[in-house]
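Worksheet: one structure, shown below.
The values are calculated or read from the model by the stated rules, or taken from the named source; none is laboratory data. Keep in mind that this is a model prediction, so the values were computed, not measured. Every residue, glycine as well, gets a Cβ built from its backbone with ideal geometry; the counts of neighbours run over all protein chains shown.
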Amino acid sequence: MAANRSSDVLVVGGGPAGLATAIALRMKGASVVVADSLTPPIDKACGEGLLPDSLADLAQLGVDLLESDGSAFGGIRFVNHGGAGKENWGTVCSGSFPEGHAFGVRREVLHKRLAERAADVGVESRWGSPVQLREDGDVLVGGERASYGWLVGADGQGSRVRGWAGLERGVESSKRYGFRRHFAVRPWSNSVEVHWSRSGQAYVTPLGTDEVGVAVIVRDSHWRLGDLLREMPTLRARLDGAEAGPERGAVTRTRSFRRVVAGNVALVGDASGSADAITGEGLGVGFRQALVLAGCLVDGDLEGYNRKHPATLRMPQRMARVLLLMDRFPALRDRAIRLLAKEPALFDRLLGVHVGAEPIGRFLTARGLKMMWQLAV
Ligand SMILES: Cc1cc2nc3c(=O)[nH]c(=O)nc-3n(C[C@H](O)[C@H](O)[C@H](O)COP(=O)(O)OP(=O)(O)OC[C@H]3O[C@@H](n4cnc5c(N)ncnc54)[C@H](O)[C@@H]3O)c2cc1C
């Protein structure tokens, strides 16, 4: 069987994490091939929000998003559509990012910009080329045997590379179902709006002057976007009658693996673990891992990547735990949203912690005990 031209690194999966890794490695001088079974621009069910820290990592990769690519937003707004008591229905609270802004951008547009940057720095792309991993150790790209020094698995949640490299051991602490649709509606808020109801969350991301994306996350696999909107009358009224695109679905998990490297194989992005999508950090985590992996890989230090990897997921997974508690316990949700409505500065600081602008230790020392007391009584 003919061998492909050899490369220092073969990246399996040309989604956001795979392309980011390929770019970061090329920027450090490695020769890189990235292969994906799909062809660009690749779409996916996603809330399509890039938080300020994710934008900073994207900038480090040299990826420029144009103003016309999407819509900047300044914070997060929670709307409670029914928790433990009717008196709490409709409570709204808002927080602003301490520095900079976030950006709502369609996945296809983000993918196009990443693919352009990858081509500019000299990444060799093999689109429409499924990668097969054989038991004898051979790897086929589009049916041809590939020759490489290192292999990166950026092949998403259901990663085949992970199983092939013997890296499946891990812990899954949550599993939910997400759906996304685009609506031709002028954004009505300068924030991402997260609507909470008893069965899940819907979040609305501004994507342009006349478009919003609505992503819903639910615990019941039988539910779809329309089912959840029935529990959110004010949001439903906003979207009523608007032209809507197709619905896309995906599973979202909070999951960690014991190891993310084996031999000359490393995992990045969702393949290497994830936090529930409500955190809005999946893309940024992938970009961060890409930068860390590139640094370690050019030094030939994959163990270093394995050591540094848990830190990339720690904060999103902590936040996921808190937000999933609010999802499960309506009384806690009511209290938390009422507290944040009363103290907007507290919400600002929590967002600061979420996007890495304030260390969690400092926040807990200053506010932790008081906040826990306020939530308890
Ligand atoms: C409902 C929902 C909302 C979300 N909202 C946000 C948000 O607002 N902000 C945010 O930052 N994150 C969000 N996320 C998370 C984010 O979408 C993921 O973290 C991100 O897509 C992970 O990127 P990835 O490149 O690791 O994987 P993927 O995007 O899944 O890409 C994997 C790629 O690998 C390819 N592939 C797989 N197997 C093979 C193979 N054998 N051969 C060749 N190619 C292969 C696939 O075709 C795919 O293109 C959300 C997720 C969900 C489900």
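A few notes on this one:
- Residues of region 41-56 satisfying the condition of being within 9 Å of the ligand (Cβ to nearest atom) and part of a loop (DSSP other than H, G, I, E, B): Ile42, Lys44, Ala45, Cys46, Gly47, Glu48, Leu51
- Count of region 216-256 residues which are in contact (Cβ under 8 Å) with a residue 24 or more places away in the chain and not in a loop (DSSP other than H, G, I, E, B): 22
- Val353 vs. criteria out of contact with any helix residue (DSSP H, G or I) (no Cβ under 8 Å at 6 or more places or on another chain), within 27 Å of Arg288 (Cα to Cα), in a helix (DSSP H, G or I) and among the β-branched types (Val, Ile, Thr): no
- Candidate set: region 98-129, residues that are at pLDDT 95 or above, surrounded by fewer than 15 Cβ atoms within 10 Å (Cβ to Cβ) and part of a loop (DSSP other than H, G, I, E, B); chosen: the one nearest to the chain's Cα centre (by Cα): Gly128
- The one condition in (1) within 30 Å of Gly300 (Cβ to Cβ); (2) surrounded by fewer than 22 Cβ atoms within 10 Å (Cβ to Cβ) that Ser159 fails to fulfil: (2)
- The one condition from (1) over 23 Å from the mean Cα position of the chain (by Cα); (2) over 27 Å from Gly137 (Cα atoms); (3) of a type outside the set (D, E, K, R); (4) surrounded by fewer than 20 Cβ atoms within 10 Å (Cβ to Cβ) that Met232 does not meet is (4).
- Candidates Ala30, Ala59, filtered to the one that is without any contact (Cβ under 8 Å) to a residue 40 or more places away in the chain and either buried (at least 18 other Cβ atoms within 10 Å of the Cβ) or more than 14 Å from the ligand (Cβ to nearest atom) (or both): Ala59
- When we screen Glu193, Glu243, Glu172, Glu247 for residues that are modelled with pLDDT of 95 or more, away from the ligand (no atom under 13 Å from the Cβ), under 21 Å from the mean Cα position of the chain (by Cα) and among the acidic types (Asp, Glu), the only hit is Glu172.
- Scanning region 345-377 for residues that are modelled with pLDDT of 85 or more and surrounded by fewer than 12 Cβ atoms within 10 Å (Cβ to Cβ) gives a single hit, Ala345.
- Flag if Gly280 is within 20 Å of Gln157 (Cβ to Cβ) and modelled with pLDDT under 95: yes
- Residues of region 257-274 that are in a loop (DSSP other than H, G, I, E, B) and more than 14 Å from the ligand (Cβ to nearest atom): Arg258, Arg259, Gly263, Asn264.
- Taken as a whole, the condition of being more than 11 Å from the ligand (Cβ to nearest atom), surrounded by fewer than 16 Cβ atoms within 10 Å (Cβ to Cβ) and in contact (Cβ under 8 Å) with a residue 60 or more places away in the chain does not apply to Gly95.
- Selected residue (only one of Gly15, Gly85 is small (Gly, Ala, Ser) and modelled with pLDDT under 95): Gly85
- Residue within region 86-97 that is part of a loop (DSSP other than H, G, I, E, B) and over 30 Å from Phe183 (Cβ atoms) present: no
- When the residues of region 186-215 are filtered to those that are of a type outside the set (Ser, Thr, Tyr) and not in a strand (DSSP E or B), the one that is surrounded by the most Cβ atoms within 10 Å (Cβ to Cβ) is Pro187.
- Residue satisfying all of: in region 120-137; within 14 Å of the ligand (Cβ to nearest atom) and without any contact (Cβ under 8 Å) to a residue 24 or more places away in the chain; nearest to Ala262 (Cα to Cα) among these: Arg134
- Every pair of residues 6+ apart whose Cβ atoms lie under 6 Å, when the first sits in region 257-271 and is over 15 Å from Ala17 (Cα atoms) while the second is away from the ligand (no atom under 16 Å from the Cβ): Arg258/Arg169; Arg259/Asn306; Val261/Leu302; Val261/Asn306; Ala262/Gly166; Asn264/Trp150
- Hey, His309 buried (at least 21 other Cβ atoms within 10 Å of the Cβ) and within 23 Å of Phe97 (Cα to Cα) or not: no
- Within region 136-172, tally of residues that are in contact with a Pro (Cβ under 9 Å, 6 or more places away or on another chain) and among the β-branched types (Val, Ile, Thr): 1
- In region 1-25, the residue that is nearest to the ligand (Cβ to nearest atom) out of those that are buried (at least 24 other Cβ atoms within 10 Å of the Cβ) and over 30 Å from Val353 (Cβ atoms) is Gly13.
- For region 275-290, the condition of being away from the ligand (no atom under 13 Å from the Cβ) and among the β-branched types (Val, Ile, Thr) holds for none of the residues.
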